[in-house]
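Read through the structure below, which is laid out as structure tokens, and then see the notes.
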Amino acid sequence: MGTNQVTRRLLAGDAASSGRVNITDNQSQDFFSPVGDTVIDTDSDGNWSNITLTPAAGYKKGAVTLNTRIDMTQDFSFNWQVQMKSSTTNPSLPTIADGIGFALHPTYAAGALGPAQTVPQNINSIGLAGGNLGTADLMNAIGFKLDSYFNWGSDPNGDPNSPYGEIPNTYYQDPKHNDASHADAYATWDNRIDGVVDNAIPQTTATQWGPYGMFTKTSETGYMTNTASDDGTATEETPLTGAAPNSVNLLSGNWMNMAIDYTASTRQLTVKLSDPSDAARTMTWQRTVASSEIKSRYYAFTILSSTGARWAHQGIQHLSGYFTPEGQTVLVRKVTTNGTSIADAETYTQATPKKTTAPVTMTPTDSNNQFQGVLSHILFTYYDSDGNAVTKRVNVTTGKDGFDRDDTSWWYTVDLAKYSSLTIVNYVYRRSNNVPALNFQYAGAASDGTYKLQPNSDVTVTASVANPATGPATWMGVYALDQLPASLQLKAGSTGASQTGNQLKIPLGNIGRNKTGTATFTLHYTGTMPATLYPGGAPASGTGMDLGHNAYVYDQSPYNIDAAGKRVDSSYYYVPTTLDAPLATESATQAPVMTDYTNLDPGNFVPHIGSTQPAANAAFHYWDITSAGATTMDPAKTGHPTTDITGSPAKTMTGTLGNTITNAPQPSTLADYTYVGYYEFAGSGTSSTWHDAGSTAPSFYYQTHTSNPATQQIAYIYRPTKDYLSLTVPDIDFGKHPIANPEGEMRFYPMTSTARVAITDQRPHTGIPDTTGSWQLDAEMSEPLTGINTGTAMIDAQLNFKAATPDSATDVTTSAGIVEERTGTPTTLATAQTYGSHTLSWDTNDIILQVPWEGVTYLVPDKYRTTLTWTLSNGLN
């Protein structure tokens with residue numbers, strides 16, 4: 001990772017010290033820990049964004065502390081943005097209090113300063129609230145404050161007999177420092193600078209005071225005093241209200257840039273405050289720290305804030321910088337997959353291998369937001385020669401590459417001799433308690449949440465999941481993968497989700513704590529029978545077409561990283577009962593055993609709702625319609641054939657409800673048989689659905705639970721290939737006529753006698769719909785009327801048919817038509833929609849031979865004839 005622009009600017013022309021570490025503003029969570037009332041928000045990548053040090057409430061204090069000490073013999077720099085937001089709209093009252101600052105301080109073991117010093121001062125220690133600004137009470141601290149409320153403190157007023165002032169022989173967290181009856185801060189007056197009252201800074205608590213910016217320092221007892229810039233500018237006298245031309249207005253509620261720089265060779269500490277929207281508004285404080293003030297080579301660093309009887313929302317963001325850590329140091333963190341610490345960071349400085357450790361399970365406490373979870377993996381970070389981080393996932397093979405474990409703990413050993421600077425070991429946990437549940441709701445659902453789907457219909461679905469109060473500050477890139485049955489698919493053109501195969505991806509976005517992510521989309525049901533859609537999984541047993549969800553919740557937590565250092569989709573949460581998540585490396589047979597697991601598959605053990613579709617089966621038959629004793633071909637009824645044409649038993653397929661019957665048997669060509677169509681019995685009801693042979697090639701879904709006593713059945717029906725349909729057709733005679741013809745006259749010749757066509761229908765159709773008995777009668781003239789002796793053709797002659805008279809007007813439809821050689825296509829003269837034999841009749845004037853004038857002109861005396869082809873076709877073929 002490279003440094004950000006601010007850090008690169010600070011580094012320009014400055015040779016980095018050996019061991020320097022760069023912190024970009026997307027890495028602050030790796031280096032700092034929240035303390036006290038601090039609340040962390042994260043950005044879209046899971047990195048720290050808005051850091052609320054204090055809420056708008058009384059007597060709060062919060063800080064972020066650097067997890068390792070700074071080498072004060074080397075330069076360092078930190079940058080962030082600061083914000084103070086008013087807690088009241090009453091202009092007669094102080095609207096912002098008490099302020100924000102930073103402190104550098106040495107660390108002390110208990111007793112290091114004497115027997116009375118019973119509380120250690122550690123890297124994550126902070127001082128008192130109210131006017132103490134989190135700094136007073138820290139021992140031998142060097143700092144700076146943006147102070148927005150005047151405090152009288154415990155000031156002796158120059159009177160040597162005053163009971164106020166510093167309290168000898170007291171140390172960090174001594175109760176005497178926080179005696180509100182004695183003073184409102186363990187500090188001097190806020191306008192006493194280097195022991196002298198600065199009358200340019202008012203003394204008032206009636207209205208908004210300042211804010212003012214000034215350096216601070218504390219004594220060995222933790223007593224805080226103020227000190228001036230030593231460049232003669234008296235910047236501490238300029239209120240930060242925007243009134244002066246260069247003044248930054250901290251009362252605006254806007255974010256302002258703040259930077260500190262320390263030059264080790266001169267011990268010069270510089271603070272700069274600027275308005276990012278107006279470069280002219282830039283203020284600088286500068287002082288040289290006396291060598292006597294620096295009590296140790298290594299100092300802790302903290303950014304802190306507090307409130308008292310008055311308060312404000314006070315925060316920072318975009319924290320970055322560079323520093324040189326204390327020697328060869330390893331920082332050990334226990335974090336969530338979002339990078340949030342769930343236990344105090346540990347820092348070890350040594351030149352020999354360090355065996356770090358963490359428990360396999362994390363116990364919930366108030367300080368870790370009731371986090372209960374299990375170890376997922378270990379991330380190891382070191383810094384290259386340019387001070388940039390290199391992170392890898394540790395190989396957790398027991399006994400290799402520094403990793404080991406026992407029943408309750410993992411260990412990772414870092415050989416610090418190999419690294420010249422800071423190293424970080426992150427033990428990454430996945431939360432196992434308070435797991436949120438994914439919900440599905442349907443527009444128009446029944447009171448129990450189900451929805452009744454009709455064949456070929458749509459349903460509008462809203463998926464939602466809530467990030468609970470105990471969840472991550474921002475739950476990153478949440479989405480669900482829903483394994484849908486094949487009969488239920490995302491509707492074409494629907495937004496709110498996407499689909500690959502039968503897997504639906506539902507994006508739910510970045511979800512803030514106590515917020516809900518939602519997505520709405522439309523599903524289309526392609527099944528052939530009504531179905532019940534459940535908001536969770538379909539019931540394991542039943543009699544109907546039941547559909548449900550099988551959805552897994554993933555996120556894009558930034559600390560879910562693979563061995564190559566690449567972020568992978570996994571989950572902030574750990575659900576041991578989820579063994580077959582779609583992104584799993586492989587399905588698990590059981591939950592990891594806490595006493596011996598090492599590889600927690602990042603793609604598995606994620607939140608899950610629903611279940612795989614219930615088991616289903618379907619039987620396929622090939623039945624002969626002439627089967628002896630059969631009274632029906634409908635598999636839903638009694639009396640159907642009991643033996644397949646092949647003599648084999650029915651082929652039974654098994655799968656899951658609502659999914660495609662893969663490799664389902666299809667209608668096939670059987671010797672000496674003609675395919676008629678098929679019945680489909682869904683397993684419920686009293687009848688089946690018929691599909692003619694000419695229907696689209698069948699594609700089936702499982703529609704019957706295996707628990708349903710009535711099995712889904714598909715019966716392909718065949719008829720023996722015989723001449724069941726036949727017809728008797730007449731010879732048609734139009735008589736003898738003279739050839740003479742006046743020029744331009746059309747000739748019409750009726751038949752000499754009536755014509756009749758007899759249709760005989762003996763097709764077996766037991767137990768199939770009568771509508772399968774359709775037939776069609778066509779007539780076609782394949783050649784013109786031609787003289788049998790001369791071969792002369794009668795040009796463009798045609799036969800004009802009137803509609804025939806059928807013997808049953810209800811079953812047969814007849815139509816008029818023209819039969820002529822030149823079209824080359826047959827003419828339909830009659831159709832029927834059901835089985836049955838029929839006779840069609842034409843009177844002598846119902847079929848007319850029409851000869852145009854041009855045809856007569858070329859004729860010679862002869863007997864003319866042609867072949868009229870009659871075709872009777874089965875409507876199923």
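The values are calculated or read from the model by the stated rules, or taken from the named source; none is laboratory data. Predicted model, so just to flag it, every value in this text is computed and none were measured. Note that we place each Cβ from the backbone using ideal geometry, even for glycine, and neighbour counts take in every protein chain shown. All accessible areas refer to the heavy atoms of the entire protein, side chains included, with ligands and DNA or RNA removed. Shrake-Rupley method; radii C 1.70, N 1.55, O 1.52, S 1.80 Å.
Filtering the stretch 618-666 down to residues that are of a type in the set (A, V, I, L, M) and more than 30 Å from residue 538 (Cβ to Cβ), which residue is modelled with the lowest pLDDT?
628
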Review point. What are the residues in the stretch 278-313 that are more than 19 Å from residue 144 (Cβ to Cβ), assigned to a strand (DSSP E or B) and touching an Asp or Glu at 6+ places or on another chain (Cβ under 8 Å), if any?
Key: 298
Practice item. Looking for whichever is surrounded by fewer than 24 Cβ atoms within 10 Å (Cβ to Cβ) and outside any strand (DSSP E or B) here; the options are 52, 95, 68. Which one fits? Key: 95
Point to revise | Residue list for the stretch 362-380, restricted to those being of a type outside the set (Phe, Trp, Tyr) and either under 22 Å from residue 399 (Cβ atoms) or crowded, with 18+ Cβ neighbours inside 10 Å (or both) | key: 362, 368, 369, 372, 373, 374, 375, 376, 377, 378, 379
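Could you tell me which of the residues 735, 787, 773 is of a type outside the set (A, V, I, L, M, F, W, C) and buried (at least 18 other Cβ atoms within 10 Å of the Cβ)? Working first, answer last.
On the way: 735 fails: buried (at least 18 other Cβ atoms within 10 Å of the Cβ); 787 fails: buried (at least 18 other Cβ atoms within 10 Å of the Cβ).
Answer to the selection: 773.
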Review point. Does the stretch 103-122 include one or more residues that are in contact with a strand residue (DSSP E or B) (Cβ under 6 Å, 6 or more places away or on another chain), open to solvent by less than 10 Å² (accessible area, probe 1.4 Å) and under 24 Å from residue 283 (Cβ atoms)?
Key: yes
Check your understanding: Can you pull out the residues in the stretch 184-214 that are open to solvent by less than 20 Å² (accessible area, probe 1.4 Å), in a loop (DSSP other than H, G, I, E, B) and aliphatic (A, V, I, L, M)?
Key -> 185, 201
Exercise for review: Looking at (1) within 51 Å of the chain's Cα centre (by Cα); (2) modelled with pLDDT of 95 or more; (3) not acidic (Asp, Glu), find the lone condition where residue 207 falls short.
Suggested key: (2)
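Could you tell me which residue of the stretch 474-483 is surrounded by the fewest Cβ atoms within 10 Å (Cβ to Cβ), considering only residues that are of a type in the set (A, V, I, L, M) and either over 17 Å from the mean Cα position of the chain (by Cα) or at pLDDT 95 or above (or both)? I'd like the intermediate steps shown before the answer.
As a first pass, look at the stretch 474-483 and keep what is of a type in the set (A, V, I, L, M): 476, 478, 480-481.
Retained after the next criterion (residues that are either over 17 Å from the mean Cα position of the chain (by Cα) or at pLDDT 95 or above (or both)): 478, 480-481.
Values: 478: 26, 480: 25, 481: 20.
Among those that are of a type in the set (A, V, I, L, M) and either over 17 Å from the mean Cα position of the chain (by Cα) or at pLDDT 95 or above (or both), it is 481.
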Practice item. Return the residue satisfying two criteria in turn: it lies in the stretch 814-858 and is among the hydroxyl-bearing types (Ser, Thr, Tyr) and within 30 Å of residue 790 (Cα to Cα), and of such residues it is most open to solvent (accessible area, probe 1.4 Å). Key: 858
**Study point:** Filter pass, residue 613 being in a loop (DSSP other than H, G, I, E, B) and modelled with pLDDT of 95 or more
**Key:** yes
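Inspect the stretch 361-371 for any residue being assigned to a loop (DSSP other than H, G, I, E, B), among the charged types (D, E, K, R) and either at pLDDT below 95 or farther than 16 Å from residue 31 by Cβ (or both) and give the result as yes or no. Lay out the reasoning, then the answer.
Looking only at the stretch 361-371, we keep the residues that are assigned to a loop (DSSP other than H, G, I, E, B), and these are 363-371.
Next, only the ones that are among the charged types (D, E, K, R) stay: 366.
In the following step, the residues that additionally are either at pLDDT below 95 or farther than 16 Å from residue 31 by Cβ (or both) were identified as 366.
The answer is yes; a qualifying residue exists.
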Exercise for review: Would you mind telling me which numbered condition in (1) in contact with a Gly (Cβ under 6 Å, 6 or more places away or on another chain); (2) surrounded by fewer than 22 Cβ atoms within 10 Å (Cβ to Cβ) residue 639 fails?
Suggested key: (1)
Practice item. Considering each of 646, 632, 654 in turn, give the residue that is among the hydroxyl-bearing types (Ser, Thr, Tyr), open to solvent by 40 Å² or more (accessible area, probe 1.4 Å) and part of a loop (DSSP other than H, G, I, E, B). Key: 646
Review point. When both residues are 6+ apart or on different chains and their Cβ atoms are under 9 Å apart, which pairs have a first residue that lies in the stretch 139-151 and is among the β-branched types (Val, Ile, Thr), and a second that is open to solvent by 10 Å² or more (accessible area, probe 1.4 Å)?
Key: 142/217; 142/218; 142/293; 142/294
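Where in the stretch 820-863 are there strands (runs of 3 or more DSSP E), lying wholly inside it, with at least 2 residues that are within 60 Å of the chain's Cα centre (by Cα)? Before the answer, list the steps.
Numbers: elements: 827-832, 838-842, 847-851.
So the answer is 827-832.
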Review point. What is the one condition in (1) open to solvent by 50 Å² or more (accessible area, probe 1.4 Å); (2) assigned to a loop (DSSP other than H, G, I, E, B); (3) hydrophobic (A, V, I, L, M, F, W, C); (4) at pLDDT 90 or above that residue 727 does not satisfy?
Key: (2)
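Could you tell me whether the stretch 395-402 includes any residue that is among the small types (Gly, Ala, Ser) and farther than 13 Å from residue 334 by Cβ? Break it down stepwise before answering.
So in the stretch 395-402, the residues among the small types (Gly, Ala, Ser) come out as 399, 402.
Now narrow it down to the ones that are farther than 13 Å from residue 334 by Cβ: 399, 402.
Yes, because at least one residue in the stretch 395-402 is among the small types (Gly, Ala, Ser) and farther than 13 Å from residue 334 by Cβ.
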Check your understanding: What residue, of 143, 127, is part of a loop (DSSP other than H, G, I, E, B) and at pLDDT 95 or above?
Key -> 127
Revision key, fill the gap. Filtering the stretch 678-705 for residues that are buried (at least 16 other Cβ atoms within 10 Å of the Cβ) and more than 15 Å from residue 667 (Cβ to Cβ) leaves a count of 10
Review point. If we keep just the residues of the stretch 243-277 that are hydroxyl-bearing (Ser, Thr, Tyr) and part of a strand (DSSP E or B), which is most open to solvent (accessible area, probe 1.4 Å)?
Key: 263
Review point. Hey, among the residues in the stretch 443-454 that are over 28 Å from residue 662 (Cβ atoms) and either of a type outside the set (A, V, I, L, M) or modelled with pLDDT under 95 (or both), which one's most open to solvent (accessible area, probe 1.4 Å)?
Key: 447
Revision key, fill the gap. From the option list 761, 811, single residue qualifying as crowded, with 17+ Cβ neighbours inside 10 Å and charged (D, E, K, R) is 761
Exercise for review: Among the numbered conditions (1) surrounded by fewer than 17 Cβ atoms within 10 Å (Cβ to Cβ); (2) within 30 Å of residue 456 (Cα to Cα); (3) modelled with pLDDT of 95 or more, tell me where residue 709 comes up short.
Suggested key: (3)
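Has the stretch 343-350 got any residue that is assigned to a loop (DSSP other than H, G, I, E, B) and within 13 Å of residue 419 (Cβ to Cβ)?
Within the stretch 343-350, the subset assigned to a loop (DSSP other than H, G, I, E, B) is 343-345, 350.
So of that shortlist, the ones also within 13 Å of residue 419 (Cβ to Cβ) come out as 350.
Yes: one or more hits.
Can you tell me how many residues in the stretch 455-467 are at pLDDT 95 or above and either over 14 Å from residue 518 (Cβ atoms) or part of a loop (DSSP other than H, G, I, E, B) (or both)?
4
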Point to revise | Residue list for the stretch 486-505, filter: part of a loop (DSSP other than H, G, I, E, B) and crowded, with 18+ Cβ neighbours inside 10 Å | key: 486, 487, 494, 497
Review point. Which of the residues spanning the stretch 409-442 are more than 26 Å from the chain's Cα centre (by Cα), among the hydrophobic types (A, V, I, L, M, F, W, C) and surrounded by 14 or more Cβ atoms within 10 Å (Cβ to Cβ)?
Key: 410, 411, 414, 416, 422, 424, 425
Revision key, fill the gap. Residue pairs qualifying under the 7 Å Cβ cut-off, at least six apart or on distinct chains, with the first in the stretch 50-71 being at positive phi and the second being β-branched (Val, Ile, Thr), are 59/307
